[in-house]
Amino acid sequence: MKIQLLIAAKADYAEYLSSVLSAKYAGTFNVGVCSAEEKVNETLNQKEYDVALIESGWIGAQVIRNVKLPLALWSDDSVSSENSQGIIRIKKYQRISALVSDILEHFAGIAPGFLDEGGNRGNIIAVWSPAGGVGKTSVALACATRRVSDGNSVTYLDLEHFSGADAYFANEGKSITLLFERLASNADVIVKSIWRRDAGSGINYFNPPVNYDDINELTVEDITGIVNICARASDIVVVDLPCVCDRRTQAVFGLADTVMLVTDGSRTAAAKMNIFSSQHSIFDDIRHKTVPVINKGAKMAGTLFDKAISLPLVQAADPVSVYKTLSGNSFEI
């Protein structure tokens, strides 16, 4: 279900903002425009709107009565805040992605349950390894980038205890901690208010938690909810998991359509993989949907799998260059 949004502002601003929102956020908003103050009430009588972005000086009693969330646009030359009749103010001239983030965050607070949780669910790819240092995150991001190039909307969800997202993406905007805090209040809208889109790869991602312990505090139910929410918002969700195999990791295994099991040629990784496959009952449950990924130019050892994705060793100091180079490989068996 889309949010019905009215932009009631001077013509140049309203038309430009409407065109950008209609092009880039067509899946989130149905946008209407009113560029004359005397036409605002008439416009509201013709159609019901969920949110109205309105010039501060144009706000009247009917606007407050007829719109679920009226937001007063303000700028340095706006009228004083007293004329906005106490409603929420939102900065008029800012990056449109930040403007959208603010709109969705405020809307989530007043319209819980707005989105239909029974909608289509995207494909979930869990990327995991029992061993650290095998290039799991590079594989996850390479897979995500490849899926974007195939025309999919892809969300990268980093559930590592110590997020490395800052090494790959610009850390601008709100933290994923906001989603953790608002899971009970229309989290589907919150996801769209805080995720960012990487200009280079096209991946949707989240800024790291405010505190490194935020992810540790999430329950199995929280993790399940977050993954499902992201899957409702995207064609594909690539979940980057920590190297532990606790109940939360196992819950993501259960949700996943595909589990990418990453290793390399090191003896340590081989030993840990052997322990997981031979002594951990969860492996039997996921084997049918497991895709082994042999990274760093290593050769597949043993007979655990008949086939595997083999990725080359990429020697580069920049981690972004590594995953973008790897994204040129096929991730299908």
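Throughout, read-outs are computed from the coordinates displayed, never taken from laboratory work. The model shown is predicted, which means the values in this text are computed figures rather than measured ones. Using ideal geometry, Cβ is built from the backbone for each residue, glycine included, and neighbour counts are taken over all protein chains shown.
Have a look at 161, 206, 313 and report the one farthest towards the positive end of the charge dipole of the range 123-326, computed about the Cα centre with Cβ charges (Lys/Arg +1, Asp/Glu -1). Positive-end residue among those listed: 313. Excluding same-chain neighbours fewer than eight residues apart, the lysines reachable from residue 10 by a Cα-Cα span under 16 Å are 39, 91, 92.
Annotation for residue 313 and residue 288: the two label points, set 7 Å from Cα along the Cα-Cβ direction, are 3.8 nm apart. Once the GluC sites (Glu not before Pro) in DSSP loops with at most 11 neighbouring Cβ atoms within 10 Å are cut out of the chain, the longest remaining piece is 173-331. Computed from label points 7 Å out along Cα-Cβ, the spacing between residue 123 and residue 45 is 5.2 nm. Who wins for biggest fluctuation among 292, 312, 70 in a Gaussian network model of the chain, springs between alpha carbons below 10 Å? Maximum among the listed residues: 312. A run of the chain free of exposed loop cleavage sites, with chymotrypsin sites (Phe, Trp or Tyr not before Pro) counted only in DSSP states other than H, G, I, E and B and at most 13 other beta carbons within 10 Å, reaches its longest extent at 213-333.
Cα centroid separation, the range 207-250 to the range 279-333: 21 Å. Sorted ascending by nearby beta carbons within 10 Å, beginning with the fewest, 157, 183 become 183, 157. The length gained on full extension between residue 211 and residue 320, counted as 0.36 nm times the residue separation minus their Cα-Cα distance, comes to 36.8 nm. About its Cα centre, the dipole of the range 123-326 is roughly 600 debye, where the only charges are +1 on Lys and Arg Cβ and -1 on Asp and Glu Cβ. On a 0 to 90 degree scale, rounded to 10, what angle separates helix 11-24 from the longest Cα axis of the chain? For helix 11-24, the angle is close to 20 degrees. Compared with the direct C-alpha span, the chain from residue 22 to residue 197 gains 61.3 nm at full extension, assuming 0.36 nm per residue.
Please report the net charge: other residues with Cβ closer than 12 Å to the Cβ of residue 136, K and R +1, D and E -1. Net local charge, residue 136 excluded: -3.
Taking every Cα-Cα distance in the range 3-110 and sorting them into 5 Å bins starting at zero, the pair-distance distribution P(r) comes out as 2, 13, 26, 28, 21, 8, 1 percent. Taking label positions 7 Å along the Cα-Cβ direction at both residue 244 and residue 11, the computed distance is 6.1 nm, reported to one decimal.
For q values of 0.22, 0.28, 0.31 Å⁻¹, compute log₁₀ I(q)/I(0) with the Debye formula on a Cα-only model of the range 264-316, without solvent. Scattering profile of the range 264-316, log10 relative to I(0): -0.89, -1.24, -1.34.
Among all the aspartates and glutamates, which ones have a C-alpha under 15 Å from residue 296's C-alpha, if same-chain residues fewer than 8 places away are not counted? Once the sequence-local aspartates and glutamates are set aside, what remains near residue 296 is 264. The magnitude of the dipole of the range 3-110, with charges of +1 and -1 set on the Cβ of Lys/Arg and Asp/Glu and taken from the Cα centre, is near 260 debye. For the range 197-332, the Kirkwood hydrodynamic radius from C-alpha pairs, put into Stokes-Einstein at 10 °C and a viscosity of 1.306 mPa s, yields a diffusion coefficient of 94 µm² per second. Electrostatic bookkeeping for residue 233 treats Lys and Arg as +1 and Asp and Glu as -1; over the other residues with beta carbon under 9 Å from its beta carbon, the sum is +1. Extension gain, residue 167-residue 279: 0.36 nm per intervening residue step, less the Cα-Cα distance, totals 36.9 nm. Across 106, 280, 161, mean-square fluctuation computed from a Gaussian network of the chain (C-alpha pairs under 10 Å connected) peaks at 280. Under a 5 Å amide H cut-off, with hydrogens placed 1.01 Å from N, residue 34 pairs with 7, 8, 9 among residues at least 5 apart or on other chains. Values (1) 29, 48, 19, 3; (2) 32, 53, 10, 5, 1; (3) 26, 44, 24, 5, 1, 0 are given for comparison; P(r) over Cα pairs in 20 Å bins from 0, in percent, derived from the coordinates here, is the one labelled (1).
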